[in-house]
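Here's the structure we're looking at; comments come further down.
The values are calculated or read from the model by the stated rules, or taken from the named source; none is laboratory data. Because the structure is a prediction, the values reported are computed rather than measured. As a convention, Cβ positions derive from the backbone with ideal geometry for all residues, glycine included, and neighbour counts pool all protein chains shown. Only protein heavy atoms, including side chains, enter the accessible area calculation; ligands, DNA and RNA are left aside. Shrake-Rupley method; radii C 1.70, N 1.55, O 1.52, S 1.80 Å.
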Amino acid sequence: MTSSDTTAPARDDPFPSLVDTARFQRNRRIPIPDFAYPEGVKIAVNFTLDFDAMLLRRLLNEPWGQKAKGEFGGRVGVWRIMEMFDEEEVKVTLFTPGRICELYPEVLKDVVQNGHELADHMWEHEVYPDPEIEDAHLTRTLAALSAVQGKPVTGTRSSHTPGLLKSKGVVYNSFSSASDMPFYELDAQGANPILQLPFHYALDDAMYFSFGWLDTPNDAQRVMDVDEVFEIWWAAFLQQYRQGGYLNFLLHPFVSGHAMRVDMLQRLIQRMKTLPGVWFPTCDALARHILTTHPMTPEAK
Ligand SMILES: [Zn+2]
C-alpha cells in the first residue's frame with residue numbers, strides 16, 4: 001500500500017499486520033514471574049488424555065475404518081492405558097466431550113474412582129459460533145462431567161469463550177502451545193484472564209502414531225517405532241527437568257491405548273521416577289497450586 005492509498009476500504013480485521021498481531025498476542029499472554037513448584041518439586045509432568053473416541057472422526061465425516069479406530073479407544077484403549085497409570089500411581093486428566101458420558105459411562109466412573117480428573121472437551125468436539133448454542137453445549141457438558149465426578153469441573157481443552165468459561169467456574173485451559181511454561185491468557189478485550197497449561201505437538205502421540213486414510217499421501221502415514229518416540233520424549237523430559245520446567249503430554253486412548261505404546265509410556269514413567277522431584281499432578285492440582293501461589297498480578301488484570 002502507498003501513502004496515496006487513503007481511499008482503501010477499512011478492513012474488518014482488527015490486526016492487519018503481523019507486527020500488530022504479534023504485539024497483541026504478547027500483551028495478552030502473561031508469563032508468571034518467579035514461577036515455583038511446591039517444596040521439593042523440580043518439574044511437573046501432566047499426562048493428559050483427549051478421550052474423543054470416535055466423536056471427532058464422526059465430525060470430520062471420516063471413513064468407517066477411522067471411526068472404528070476411535071471406537072477401539074473407548075472400548076479397549078482407555079482401559080489399558082488407565083490400568084497402566086494406576087499401576088504407576090500417576091494421576092491424569094481426561095479431557096472429555098460431554099457426549100462420552102452417554103457413550104462410555106463405566107469408563108468415566110472407574111477413572112474418577114481411581115482419583116483421576118475429568119475436564120471439559122466440548123459437547124461433541126466442536127465449539128459453535130452462535131453464543132446461545134455455545135453456552136448450551138458448555139453448560140450441558142459441565143453438568144454431565146461434574147455429575148460423574150461428584151465435584152465441579154475446573155478445566156477445559158477448547159476454544160470456548162474465556163468469559164463464558166469463567167462464569168461457569170472453569171479456571172484453566174490446556175489449549176495453547178504459545179509458551180513452554182504455564183501462563184495467564186487474556187481474551188481479545190484484555191479481560192477474563194485464564195490460566196493456560198500449554199501442551200506441545202512434539203508431546204502429542206497422534207503426531208507419531210496416528211495416520212491418515214484413503215486419500216492421504218504416503219508421507220501422511222505415521223507409525224513410528226515406539227523406542228524412537230521413547231528417546232525423543234525422554235530427551236524432552238530431561239531437558240525440561242534440568243531447567244525446572246514443565247511438560248504436558250497429550251495422549252489419545254485410541255492412539256496410545258495399543259499394547260506396545262502403553263508399554264513404552266510405562267517405561268518412560270518408570271525412568272522419570274528414577275530422578276528426584278518429579279511431580280505427576282492432575283491439571284487441576286497444578287492449577288490450584290499456581291492460582292494460590294502465583295495469582296494473576298493486579299497490573300495485568
Ligand atoms: Zn480432541
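Miscellaneous remarks
- Meets criteria (more than 16 Å from the ligand (Cβ to nearest atom) and on the phi > 0 side of the Ramachandran plot) for GLU106: no
- Residue match in the range 60-74 (condition: hydrophobic (A, V, I, L, M, F, W, C), surrounded by fewer than 22 Cβ atoms within 10 Å (Cβ to Cβ) and within 12 Å of the ligand (Cβ to nearest atom)): yes
- Between SER177, SER159, SER210, the distinction of being modelled with pLDDT under 95, of a type in the set (S, T, N, Q) and under 27 Å from GLY245 (Cα atoms) belongs to SER177 only.
- Flag for PHE95 being more than 19 Å from LEU268 (Cβ to Cβ) and assigned to a strand (DSSP E or B): yes
- Residue pairs meeting the criteria (Cβ under 8 Å; at least 6 apart or on separate chains; first open to solvent by less than 10 Å² (accessible area, probe 1.4 Å) and away from the ligand (no atom under 11 Å from the Cβ), in the range 36-56; second outside any strand (DSSP E or B) and of a type in the set (Ser, Thr, Tyr)): ILE43/TYR37; ILE43/TYR241; ALA44/TYR37; ASN46/SER174; ASN46/THR282
- Test: residue in the range 242-253 that is among the polar types (S, T, N, Q), in contact with an Asp or Glu (Cβ under 6 Å, 6 or more places away or on another chain), closer than 26 Å to VAL76 by Cβ and open to solvent by less than 20 Å² (accessible area, probe 1.4 Å): no
- Listed by position, the helices (runs of 4 or more DSSP H) enclosed by the range 230-301 that each have at least 2 residues that are over 17 Å from the mean Cα position of the chain (by Cα) and under 15 Å from LEU203 (Cβ atoms) are 259-272.
- Residue ID - farthest from LEU103 (Cα to Cα), chosen from residues in the range 120-152 that are among the β-branched types (Val, Ile, Thr) and within 16 Å of the ligand (Cβ to nearest atom): VAL127
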